[in-house]
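Report on the structure given below.
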Number of protein chains: 2
Amino acid sequence: MAGRRGISAMAQKQLLVLVDLDGVMADFDGHFLTKWKQTYPEEPFIALEDRKTFYLVDQYETLKEGLKPKIKSVYQSKGFFRELPPIAGACDALKEMNEMEGVKVFICSSPLFFYKYSSTEKFAWVEHYLGADWINRTILTRDKTIVNGHILIDDNVKIKGAVDCPSWEHVVFTAHYNKHMNLRGKKRLDNWTDGSWRDLIMDFKKRL
Amino acid sequence: MAGRRGISAMAQKQLLVLVDLDGVMADFDGHFLTKWKQTYPEEPFIALEDRKTFYLVDQYETLKEGLKPKIKSVYQSKGFFRELPPIAGACDALKEMNEMEGVKVFICSSPLFFYKYSSTEKFAWVEHYLGADWINRTILTRDKTIVNGHILIDDNVKIKGAVDCPSWEHVVFTAHYNKHMNLRGKKRLDNWTDGSWRDLIMDFKKRL
C-alpha cells in the first residue's frame, strides 16, 4: 500500500512541521480590529482580550445584527492580507526551525473562499517576511487534513476535512479567542518568544 | 504513530485522487503556442507534436538562444492561466469521478514561482469550469510530495519534493512532450474522453 510506504520513509528521515499563517504567523485579529475601527468608527467592536470565537463574524453578530457585510468588506479588501503584521517572534522561529537538522517546515494556510486577493497576498506575505525560497514551502488549501505532516501548528481548534484522521498531530497556537477553550488533550504552543517551540519540536523529533 | 493511523483510516473509507491542472485539465502548451505566435510572430516556434520537454523554455532555447525572457513574458502575463482552454472531457470526467461512491477528488496544482497572477487565476479557472464548491478542493503547492492521496494524475514525469516516497501512486497523463518518454513502470492515462479513467479509478478502488 503506497500510503504506508510514504509515511514510513518520511518518518525515518525528517520531521515535517506544518504551520498555519493567520493567527499563528500573521496577526489577523489585531489587524482586523485596527482596520475595523478606521473604516467603521461608528460601529461597536470587540477588544482582542474579549474575543471568543474563531470566526470574527460569529461574535460580532451577537453585538449587532447585520454586521456581516461590513466585516467581510474589511478582510476581503485588497491589501488586507499583505499588510498583516507578523506575530512576535514567528518569522525568526520558523527560519530557525527550518534550519534544525532533520526538520522541514511548510506554511499551510487556507485562502478565503473569496480568494481574489488572499491567495496572492499570502504568497506575497511569505516572500516578504520569510524570503522567496519559502514560496516553495507554502501550501494553500481549504482542507488541511489531506496534507501530510507530523505536526500542524494552527490556532483553529476544530480542523475538519476529507480525511477523518489526518497524519499530523494538531498543536493549538494560543490566541485570545481560544485561550479558555477546552482542547480535549491537544497540546498548546502559547507564543514564539519564550523558546518553548524548541522543546515541542525536540519532543516530536524524539518520537520519530 | 499518528501518520499510520491517518493513512489507514483514509484507506478504509475513500479513494483520494489528486489531479494536476496544467497539462491535465487545462491546455497550457496549446495556449502558450497560440499566444506565442500572436505576441512574437517573428520568432521560431515548436509545433505541439514536436514538443519534447516538460518545461517549454528548455526546448525553445535549443531553437534560439536568449528566448527565455520572451517565453516568460507570455505565461507570466495577466490572464494567461485564467484563459487556458480545458482539455477535452476533463471537467466532465472530474465531476463524474467526484460523484463516484467512496471517491474524493482534489485539484493539486503548482503555482508559478512568479505567483502574482497564476495563484488567483488557478482558483478562478477552477471556479469557472468546475464550480465554486471546487475552491474547497483545490490545493496550490509547489511541492506535491507532501499532499496525501492514493493517486496523483500529473503530466510531469518527474515529481520531486520533501518526501522521498509520497503516499500517492503517480499516474502520468499523456502529453505531446511525454508520449515517448520511458515512465519506468508508471501507469498512463492518455485522455479524458475514451472512458479509460473509469477503469483506472475502479482498479485503485479494488486495491484499497
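The values are calculated or read from the model by the stated rules, or taken from the named source; none is laboratory data. What you are looking at is a predicted structure, and each value in this text was computed from that prediction instead of being measured. In this analysis, Cβ positions are derived from the backbone assuming ideal geometry, glycine residues included, and neighbour counts consider all displayed protein chains. Ligands, DNA and RNA are excluded from the accessible area calculation, which covers all protein heavy atoms including side chains. Shrake-Rupley method; radii C 1.70, N 1.55, O 1.52, S 1.80 Å.
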Exercise. Can you spot a residue in the range B:156-169 that is in a strand (DSSP E or B), away from chain A (no Cβ under 13 Å) and at pLDDT 95 or above?
Worked result: no
Exercise. Applying the selection to the range A:174-208, what residues are farther than 12 Å from A:G89 by Cβ, open to solvent by 90 Å² or more (accessible area, probe 1.4 Å) and in a loop (DSSP other than H, G, I, E, B)?
Worked result: A:H180, A:N182, A:R184, A:R207
Exercise. Which condition number in (1) among the aromatic types (F, W, Y); (2) within 30 Å of A:K144 (Cβ to Cβ); (3) not in a helix (DSSP H, G or I) is the one that B:F45 fails?
Worked result: (2)
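Results for (1) out of contact with any Ser or Thr (no Cβ under 9 Å at 6 or more places or on another chain); (2) modelled with pLDDT under 95, shown as yes or no for each residue.
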| site | (1), (2) |
| --- | --- |
| B:T120 | no, no |
| B:A175 | yes, no |
| B:L183 | yes, yes |
| B:K187 | yes, no |
| B:D194 | yes, no |
Seminar exercise, completed: Subset of the range A:101-127, residues over 15 Å from B:T141 (Cβ atoms), open to solvent by 40 Å² or more (accessible area, probe 1.4 Å) and in contact (Cβ under 8 Å) with a residue 12 or more places away in the chain, comes to A:F113, A:F114, A:K116, A:Y117
Exercise. Is it the case that some residue within the range B:23-45 is exposed (fewer than 12 other Cβ atoms within 10 Å of the Cβ) and touching a residue at least 24 places away in the same chain (Cβ under 8 Å)?
Worked result: no
Exercise. Any residue in the range B:74-96 that is out of contact with any helix residue (DSSP H, G or I) (no Cβ under 6 Å at 6 or more places or on another chain), closer than 18 Å to B:F114 by Cα, touching a residue at least 40 places away in the same chain (Cβ under 8 Å) and of a type in the set (D, E, K, R)?
Worked result: yes
For this session: All but one of (1) open to solvent by 40 Å² or more (accessible area, probe 1.4 Å); (2) closer than 24 Å to A:K186 by Cα; (3) touching a helix residue (DSSP H, G or I) at 6+ places or on another chain (Cβ under 9 Å) hold for A:K158, so report the exception by its number.
Result: (3)
Problem set entry | Filter result for the condition that a residue is at pLDDT below 95, out of contact with any strand residue (DSSP E or B) (no Cβ under 8 Å at 6 or more places or on another chain) and closer than 23 Å to B:I159 by Cα, over B:K52, B:K64, B:K13 | B:K52
Exercise. Out of the range B:128-148, which residues are under 25 Å from A:W134 (Cβ atoms) and either open to solvent by 30 Å² or more (accessible area, probe 1.4 Å) or more than 7 Å from chain A (Cβ to nearest Cβ) (or both)?
Worked result: B:N136, B:R137, B:T138, B:R142, B:K144, B:T145
For this session: Evaluate the following for B:Y115: is it within 11 Å of chain A (Cβ to nearest Cβ), under 21 Å from A:Y115 (Cα atoms) and not polar (S, T, N, Q)?
Result: yes
For this session: Quick one: which residue in A:L67, A:L63 is open to solvent by less than 20 Å² (accessible area, probe 1.4 Å) and without any contact (Cβ under 8 Å) to a residue 40 or more places away in the chain?
Result: A:L67
